[in-house]
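To start, the structure itself, in structure tokens.
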Amino acid sequence: MLDAETQSAEPPRRRRSATLLKAAGATIAVLAIVLCAKALADQWSEIRTSIARANLGWLAVALVCSALAMSGLGLLWWRCLHVFNVRVRKRDAVAWYFGGELGKYVPGGIWPVLGRGELALRAGIPRATGYLTTLISYAAMCIAAGMVCGALAPVVAVGGHGLGAGWLLLALIPLGVAVVHPAVMRRVLALGARITKGKVDPEPQPWSTMVGLIAWAIPTWLLVGAGSAAISQGLGYDGEPSRIALAAVAAWVCGFLVVPVPAGAGLREIVFVGLSGLPAGPAVAVAAIARLLFVVVDGSGGVLGLYSARRAGAARSRAATATPLTQRHERSL
């Protein structure tokens, strides 16, 4: 009798939990959009004068680079899902990616992971798989960024802007390849399995597969660097494009790794000013406009991504509702 009562009580509880989760997700999404808009407003006073005298053609190039770079990170996650045998459409993965990325404007650092994982969960992907692939995609993109910085270092030095100890960045290329070796990944994944009490316990992927994921992320960082170089050109600054690109990639990753700072606010600008080789004023202007463009891409992409995910979810619900009716109709015939 007790078991029957418990079983009959479970569905309403689950429904309530699902409703609460959806409400919490909607609240966080709205908060993220508001904070994203605030970040846009906060940057405006700093860059209005720079934009007024800028070559808009170069800024358009930078905006396209920013949009392609962020879409590339969405495709990197799509590739991670495929590596772990989750088959989804590219446009769905990119939509979930952009929807989840709005969370990076909420203090705490964990919100993009939660947002992306929960959007994937609503599409039927196990929560553990969604979170695991998100973290692996973050690791791949950070390693790729380090390798791009390493590859750009000698270009900067040859251009007459000696890096000194910056030559050590070259070591990031073999180090990045070594970090994803199965011998290393096995220990990392084993630690994850212990922390999650076995809920996440995947087998390490072949070395070539992990190196392939890093390779998927490399074009993204080249686009990030190219975007900042285009902004510098658009503002008429006489900077070395390769050095500006290196500074942009390094600044982006440093901002990402500082978890408590929403979207790396402030830190990216500091790193960029220190590494770009531009005078402080021009460097701040380039960094501020680059942030503005990424905020525009994140904001518009996030809203469209949430809308797309909502439409896809409604379509799945209609299909699930229609299927039993169709089956009953076929049986009656």
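Every number in this text was worked out from the coordinates using simple rules, so none of it is lab data. Quantities reported herein were computed from a predicted structural model and do not represent experimental measurements. Methodologically, a virtual Cβ is constructed for each residue, glycine included, from the backbone with ideal geometry; neighbour enumeration extends over all protein chains shown.
So for Phe256, Phe294, fewest C-beta neighbours within 10 Å to most, what's the order? Before the final figure, lay out each step's value.
Numbers: Phe256 20, Phe294 24.
By the 10 Å Cβ count, ascending, the order reads Phe256, Phe294.
Modelled spin labels at Val303 and Thr209, positioned 7 Å past Cα toward Cβ, are 3.9 nm from each other. Going by neighbour counts of Cβ atoms within 10 Å, the residues Tyr307, Tyr131, Tyr97 line up, fewest first, as Tyr307, Tyr131, Tyr97. Among Trp96, Trp111, the ranking by other beta carbons within 10 Å of each residue's beta carbon, starting with the fewest, stands as Trp111, Trp96.
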